Structure formats: structure tokens, C-alpha cells
Amino acid sequence: MRAEIRRYSDAEYLAHEVAASILSENARRVVDQARFSLVLAGGTTPRRVYEVLAQRATGFAWRNVHVFWGDERCVAPDHPDSNYAMAKKALLDQVPIPPANVHRIRGELGAAAAADAYEQELRGFFGGAREPSFDLVLLGMGEDGHTASLFSGNAALAPTSRWALPVETEAKAPRWRVSLSLAALSGATTAYFIVTGSGKRAVLADILRDPEAAALRYPAAGVHPRHLVWCVDAAAAPETVSR
Ligand code: 6PG
């Protein structure tokens with residue numbers, strides 16, 4: 001599977017273009033499928049994409065969209081560190097997604113209980129499938145090549161049949177999290193990595209140069225959906241990525 005690379009001049013232009021792509025590339029499927037599963041990324045980069053999505057999404061069949069998260073911090077849903085809280089403010093409060101379609105990771109339960117609850121909710125949504133088959137997964141990437149809450153060297157990267165995992169990490173606060181597994185992320189039809197800033201350029205260059213070798217070092221290189229798109233701004237784009 002060859003990755004597609006989309007390079008944008010700056011983070012603001014990227015946010016507008018990625019939001020436009022999400023809407024235009026999925027408008028038909030969201031109507032036809034009646035249940036479109038969208039996984040939101042956490043962190044700070046996607047916030048502007050969500051804000052633009054909310055502004056431009058008139059006429060999009062949000063009633064058919066089911067929202068999930070790639071990961072969540074083990075904090076209250078109104079905590080400043082909550083990935084749910086960020087998405088709720090930037091997107092969910094602005095568009096008509098039925099509340100029952102919002103599948104929040106209940107981080108406030110603690111990592112183990114929250115992961116078990118999310119696992120159960122995912123398996124209920126995807127029935128007896130061997131892997132979840134999300135329609136579109138949005139992901140960020142840290143400067144160390146982590147994605148969701150999958151950090152290099154962490155036990156959560158061990159082969160597992162689980163789709164949702166408790167994570168303890170010292171790599172990025174807060175310490176306790178819940179994350180989708182690499183296998184669960186890789187079952188997706190399409191995954192967009194949204195990466196901006198020069199601090200991520202070196203790792204991104206390694207991943208794009210030799211994805212297989214990079215997967216041994218960087219969890220972000222271990223996500224293998226059917227269609228993989230790197231959405232990067234000029235600051236994060238390696239020289240090899242044409243302008
Ligand atoms: C999290 C995120 C994490 C994030 C990267 C990039 O919960 O921390 O899921 O994987 O996407 O750390 O974060 P920024 O977008 O803030 O650079």
C-alpha cells in the first residue's frame with residue numbers, strides 16, 4: 001500500500017483543505033452507508049480542522065456519522081486535557097450528530113475499566129468482526145513518532161487481539177490513557193495523518209523514506225489502512241516531498 005502525501009503551504013491552509021477533503025470525499029458514502037464511522041484524533045493539531053469542518057459542513061449527513069476517538073487521556077470529559085472536550089467544543093457542539101452516535105472513551109473510569117468499556121462498545125458496533133473497519137481515521141503524530149497513545153517501546157504495541165488498550169506512559173502527560181491498538185487502527189478503510197511543524201520533519205522523513213524500517217521505531221509507521229494519506233504542512237514536509 002503506497003501512502004499518498006498531500007503538502008500544504010501552512011497549517012491554516014492545511015486545516016481548510018483537509019476539512020474540505022473529508023467532506024467532499026465522504027459526502028456520498030455518508031448518505032449511502034447510513035452508518036459512517038469516523039475516528040477523531042486528539043492533541044492540538046486537529047482542532048482547527050474540526051473547527052473548519054463545523055463551519056463548512058452544511059448539508060453533510062451528520063445524522064449517519066458515528067464518532068469515535070483514537071485515544072483519550074484518563075481525565076474527566078470536561079478536563080482541559082480531554083480529547084473529547086476539545087472535539088466537543090470545536091466540532092460536536094456545532095453539528096447535528098445524534099448524541100447516541102458519539103462513542104466517548106470514558107477515561108474518568110481509569111485506564112483498565114475505560115479500555116474494557118470502549119472495547120465492549122466497539123465490538124457491539126462492529127458485531128462479530130475480527131477487526132473494526134472504521135471508514136475514516138484521523139490521527140496526529142508526535143515528534144517521537146507516536147500516534148494515538150501508542151508510544152515507542154510501550155507494552156501497548158505488543159501483538160494483541162484487543163481493540164482498545166489501557167496505556168501507562170511517561171512519554172507524554174498525562175500518564176494514563178486509553179488507545180486503539182495498531183491492529184484496530186489498521187483495519188480502517190482510510191487514515192489521514194495530520195502533521196504540522198518543523199519538529200516532526202525528521203521523523204516524517206524517516207517514515208516516508210522507508211516505512212517498513214520506520215515501523216520498527218515509530219508507531220505512526222505501523223498503521224496500515226487500505227488508503228493512507230499524510231496531510232502535512234511545508235514546515236513538516238521533508239525536502240523530498242515535492243512542492
Ligand atoms: C494525544 C494524541 C497524540 C497526538 C500527538 C500529536 O492524545 O496526545 O492523540 O497522539 O496526536 O501527540 O499532538 P499535537 O497534535 O498536539 O502535536
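Values for this structure:
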{"quantity": "Single residue of Y218, Y192 found to be among the aromatic types (F, W, Y) and over 21 Å from L157 (Cβ atoms)", "calculated": "Y192"}
{"quantity": "Some residue of region 66-78 being among the basic types (K, R), crowded, with 20+ Cβ neighbours inside 10 Å and touching a helix residue (DSSP H, G or I) at 6+ places or on another chain (Cβ under 8 Å)", "calculated": "yes"}
{"quantity": "Count of residues meeting criterion [within 16 Å of the ligand (Cβ to nearest atom) and either under 15 Å from D93 (Cα atoms) or in contact with a helix residue (DSSP H, G or I) (Cβ under 6 Å, 6 or more places away or on another chain) (or both)] in region 35-44", "calculated": "2"}
{"quantity": "Single condition A220 does not satisfy, out of (1) over 26 Å from S82 (Cα atoms); (2) touching a residue at least 24 places away in the same chain (Cβ under 8 Å); (3) aliphatic (A, V, I, L, M)", "calculated": "(1)"}
{"quantity": "Number of the exception - V18 against (1) within 16 Å of the ligand (Cβ to nearest atom); (2) within 13 Å of the chain's Cα centre (by Cα); (3) surrounded by 21 or more Cβ atoms within 10 Å (Cβ to Cβ)", "calculated": "(2)"}
{"quantity": "Selection status of G127, away from the ligand (no atom under 15 Å from the Cβ), surrounded by fewer than 15 Cβ atoms within 10 Å (Cβ to Cβ), modelled with pLDDT under 95 and over 19 Å from the mean Cα position of the chain (by Cα)", "calculated": "yes"}
{"quantity": "Set R73, R47, R56: member being touching a residue at least 12 places away in the same chain (Cβ under 8 Å) and away from the ligand (no atom under 14 Å from the Cβ)", "calculated": "R56"}
{"quantity": "Hits in region 105-124 - residues which are charged (D, E, K, R) and under 19 Å from the mean Cα position of the chain (by Cα)", "calculated": "R106, E119, E121, R123"}
{"quantity": "Checklist (1) touching a strand residue (DSSP E or B) at 6+ places or on another chain (Cβ under 8 Å); (2) without any contact (Cβ under 8 Å) to a residue 60 or more places away in the chain; (3) closer than 23 Å to R47 by Cα applied to D233, failing item", "calculated": "(2)"}
{"quantity": "Close pairs (6 angstrom Cβ cut-off, 6 or more residues apart or separate chains): buried (at least 20 other Cβ atoms within 10 Å of the Cβ) in region 24-40, acidic (D, E) anywhere", "calculated": "F36/D135; S37/D135"}
{"quantity": "Residue within region 137-157 that is in contact with a Lys or Arg (Cβ under 8 Å, 6 or more places away or on another chain), hydrophobic (A, V, I, L, M, F, W, C), modelled with pLDDT of 95 or more and farther than 16 Å from V67 by Cβ present", "calculated": "yes"}
{"quantity": "G153, sole failed condition from (1) without any contact (Cβ under 8 Å) to a residue 12 or more places away in the chain; (2) within 17 Å of V39 (Cα to Cα)", "calculated": "(2)"}
{"quantity": "Residue satisfying all of: in region 130-156; within 14 Å of the ligand (Cβ to nearest atom), outside any loop (DSSP other than H, G, I, E, B) and touching a Phe, Trp or Tyr at 6+ places or on another chain (Cβ under 8 Å); nearest to A188 (Cα to Cα) among these", "calculated": "V137"}
{"quantity": "Candidates A164, A205, filtered to the one that is over 20 Å from R2 (Cβ atoms) and either in contact (Cβ under 8 Å) with a residue 12 or more places away in the chain or not polar (S, T, N, Q) (or both)", "calculated": "A164"}
{"quantity": "Subset of region 196-217 (residues that are within 12 Å of the ligand (Cβ to nearest atom) and in contact with a helix residue (DSSP H, G or I) (Cβ under 6 Å, 6 or more places away or on another chain))", "calculated": "T196"}
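The values are calculated or read from the model by the stated rules, or taken from the named source; none is laboratory data. Predicted model only: the values in this text are computed from it and were never measured. Cβ atoms come from the backbone with ideal geometry, glycine included; neighbour counts cover every protein chain shown.
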